[in-house]
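Have a look at the structure below before the remarks.
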Amino acid sequence: MCIQKLLRLSRSCIIIVLVALLVIAGGLRGMWNGQPTRAASNINQVFAQAAADFAVPVPLLKALCYMEGHLGNHGGTASIDGGYGCMHLMATRDSDSLTLAARDLKVDPALLKTDLATNIRGGASVLRDYWGQLFPGRAPATSLDAWYGVLSAYSGASTLSVAHMYADAVYKLVNRGFVARAETGEIVTLAAQHVVPRITAALSHAAKYTPIGAMALMQPDSAFLPHGCSRTGDTDYPGAINCILDPDKFDCNSVDDNDPCNYESAVRPADYPVDFVGIHDAEGSLVDTINYFHNVNSAVSSHYIVDTDGTVYQIVHDNDIAYHIGNYWYNQHAIGVEHVGYAATGYQWYNTAMYMSSARLVAYLLNKYHLPLDRSHVIGHGDVPAPSVALMPNHVDPGPYWLWGYYFNLINAMGVPFAHNTAFSTNVISIDPPFDRLPVGQGGHETAANYNFFSLYNGPGTDTGLIPHAGNSTTDETSNIGPGVSYAYTAVVKDQAGTGMTMYRIWYGVEAHLKDKKPSRLCSARQAWLAVPAYAVNRGIGMAVVLGTATKVYSKPEQKSDDQIGDAPQGAIFVSGLGVLNDKNIYWYEINFNHRQAWIPESAVTL
């Protein structure tokens, strides 16, 4: 491990040289304190005002805001590598640009996370600060080509190669241009312009880096891929860019026991059968995601990343175990596919190019591992249970804007047949809304109208209130269900509130213990009422299983107390899409327990 430690030390030294003490937490004083903190209300005016106040070119501000947030703050949530808002103001041990921006503007950091205008101004102020650190005594350049080193430093990347990839991505957008709608509803235009960035002598020497011409920036090229990525073709999935992690640095089976790591080498499916393909959004841009997975301290990885332009990057070999889905048993049995974007604003990120490329990849994986095309085997991160009550809930991606029906039709069109149900029951249904069948926005993008979670109520009317739940965000998955997943209903009536919707009574794992003397997120199966437009209901697939006895419900097919996430009474009915035999030779049924899968032993089931 001496070599690994030396490499880490060398990496740290390079970054220190790059940023020149830019972001030592608590050690920077804002260099721009004299400008007003009040921003314009119109988003285009905000860009112009921030550029004038902080002497940063407007095209760079627009390109950064589009690259990192598609002109939105995605609900104030952090990106995968700790950046906030469309200007990706970071609050990590590698970069604390969020605090720096708050000092510059004399505002609460919380405002920078949630207010788009303030976030843009904060990013501009930090870029100005970085210019002053890299080029002391020199006025900020008005020409776009001079900001390469500043953008590299601004990235907060853990390696110099990723920092360069970040700057390259910004210049690629400047060269390509865009017309897009901001979260405020306004249209923002960045005219395409030919810019060849100037690489400072110090940066070029440190990285042995060659400046990229504008034409090269128009297409993915190994010149601006991070160290460890290449177009060698040496990937499991043909055509993927090779960003596979170095086992000597990142493999938990290769590094010392106390050292950080990101994945485990294995020989799957011999060691563990591959039963699932896990669909994620990355909660960040492509560069954020690669940066995070190539940082050994993140302890996270995935097998693939799909960018908005359809490019596929492989991070971990298929046969190895990536840490991607928040439940170790599922990690052992799943392939992870990340998609650039954010769950809360998925309609701004998911597009036809991404869906088609991802569908082609998943078709390859389903054929490779002989998996059926259904929602029991192709699952979202949000369909996976947390490993224990203490860790509930698990993640919620890809969220309510992922078009499962459209996605499955694309996979099917690539030669994978839909799963055939062998134990059909007439009271098993799935929700498949028509707007889930294709993107409805211009240019193959979705819109906010694609929201496809369906709520559950206490009684047979939408006027009876939602079932108990802890969350209230757009992406909350504790009182609703998503499309394509099957449930068994025990009664059906028209909505007593007169909306015209149909109410189906189903068994659902309700967070019924939130107000106990000792609050708990343990889920108890109760009968709840699902409100659905009549045109959105289809016959589901899977086996309806009835509990012959009251039982505990588990996060994986093992009967350990720490794995219990719920309970269910005798007579409860669930739908199972698969079963497994565990290492104790006990057969387990996967069930659709709430918004997520769960597991019950065969001994509890009466078919």
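The values are calculated or read from the model by the stated rules, or taken from the named source; none is laboratory data. Quantities reported herein were computed from a predicted structural model and do not represent experimental measurements. Here the Cβ is made from the backbone with ideal geometry for all residues, glycine too, and neighbour counts use every protein chain on show. When the accessible area is computed, the model is the full protein with side chains, heavy atoms only, and any ligands, DNA or RNA have been set aside. Shrake-Rupley method; radii C 1.70, N 1.55, O 1.52, S 1.80 Å.
Rundown of residues vs (1) farther than 26 Å from Arg198 by Cβ; (2) touching a residue at least 60 places away in the same chain (Cβ under 8 Å); (3) part of a helix (DSSP H, G or I), yes/no style:
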position: Met87; (1), (2), (3): no, no, no
position: Ser95; (1), (2), (3): no, yes, no
position: Asn119; (1), (2), (3): yes, no, yes
position: Ser125; (1), (2), (3): no, yes, yes
position: Tyr130; (1), (2), (3): no, yes, yes
position: Pro136; (1), (2), (3): no, no, no
position: Thr142; (1), (2), (3): no, yes, no
| remark: Within the range 338-348, the residues that are in contact with a Ser or Thr (Cβ under 6 Å, 6 or more places away or on another chain) and in contact (Cβ under 8 Å) with a residue 60 or more places away in the chain are Ala343, Ala344, Tyr347
| remark: Within the range 358-400, residues open to solvent by 10 Å² or more (accessible area, probe 1.4 Å) and part of a helix (DSSP H, G or I) come out as Arg360, Tyr364, Asn367, Lys368, Tyr369, Asp383, Val389, Ala390, Leu391
| query | If you check every pair at least six apart or on different chains, which have Cβ atoms under 7 Å apart with a residue in the range 534-550 that is more than 17 Å from Pro601 (Cβ to Cβ) and of a type in the set (Lys, Arg) first and a residue that is at pLDDT 90 or above and open to solvent by less than 30 Å² (accessible area, probe 1.4 Å) second? | reply | Arg539/Val428; Arg539/Ile429
| Only one of Met165, Met87 is touching a Cys at 6+ places or on another chain (Cβ under 9 Å) and closer than 19 Å to Ala55 by Cβ; which? | Met87
| task | Could you tell me whether Val150 is over 24 Å from the mean Cα position of the chain (by Cα), open to solvent by less than 30 Å² (accessible area, probe 1.4 Å) and hydrophobic (A, V, I, L, M, F, W, C)? | result | yes
| remark: Of the residues in the range 455-475 that are out of contact with any Ser or Thr (no Cβ under 8 Å at 6 or more places or on another chain) and more than 17 Å from Tyr347 (Cβ to Cβ), the one that is modelled with the lowest pLDDT is Asn472
| field | Every pair of residues 6+ apart whose Cβ atoms lie under 7 Å, when the first sits in the range 240-260 and is buried (at least 17 other Cβ atoms within 10 Å of the Cβ) while the second is in a loop (DSSP other than H, G, I, E, B) and basic (Lys, Arg) | value | Ile241/Arg231
| query | What number goes with the only condition from (1) more than 30 Å from Ile325 (Cβ to Cβ); (2) within 27 Å of the chain's Cα centre (by Cα); (3) not small (Gly, Ala, Ser) that Val46 does not pass? | reply | (2)
| said: Given the condition open to solvent by 10 Å² or more (accessible area, probe 1.4 Å), of a type outside the set (Gly, Ala, Ser) and at pLDDT below 95, answer yes or no: does some residue in the range 83-91 qualify? | reply: no
| message | If I ask for residues that are open to solvent by less than 30 Å² (accessible area, probe 1.4 Å), of a type in the set (Val, Ile, Thr) and either at pLDDT below 65 or part of a loop (DSSP other than H, G, I, E, B) (or both), which ones from the range 16-72 would you list? | response | Val19, Val23, Val56
| note | If you go through Ala525, Ala531, the only one that is surrounded by fewer than 23 Cβ atoms within 10 Å (Cβ to Cβ) and either touching a residue at least 40 places away in the same chain (Cβ under 8 Å) or among the hydrophobic types (A, V, I, L, M, F, W, C) (or both) is Ala531
| query | Does Pro433 satisfy being open to solvent by less than 50 Å² (accessible area, probe 1.4 Å) and at pLDDT below 95? | reply | yes
| remark: Only one of Gly310, Gly346 is under 12 Å from the mean Cα position of the chain (by Cα) and not aliphatic (A, V, I, L, M), namely Gly346
| remark: Restricting the range 261-283 to residues that are of a type in the set (Val, Ile, Thr) and in contact (Cβ under 8 Å) with a residue 60 or more places away in the chain, the one farthest from Asp583 (Cα to Cα) turns out to be Ile279
| note | Out of (1) open to solvent by 60 Å² or more (accessible area, probe 1.4 Å); (2) in a loop (DSSP other than H, G, I, E, B); (3) modelled with pLDDT under 95; (4) not aromatic (Phe, Trp, Tyr), the one His205 does not meet is (2)
| request: Just give me the residues in the range 151-167 being farther than 25 Å from Thr345 by Cα and modelled with pLDDT of 90 or more, in sequence order. | output: Leu151, Ser152, Ala153
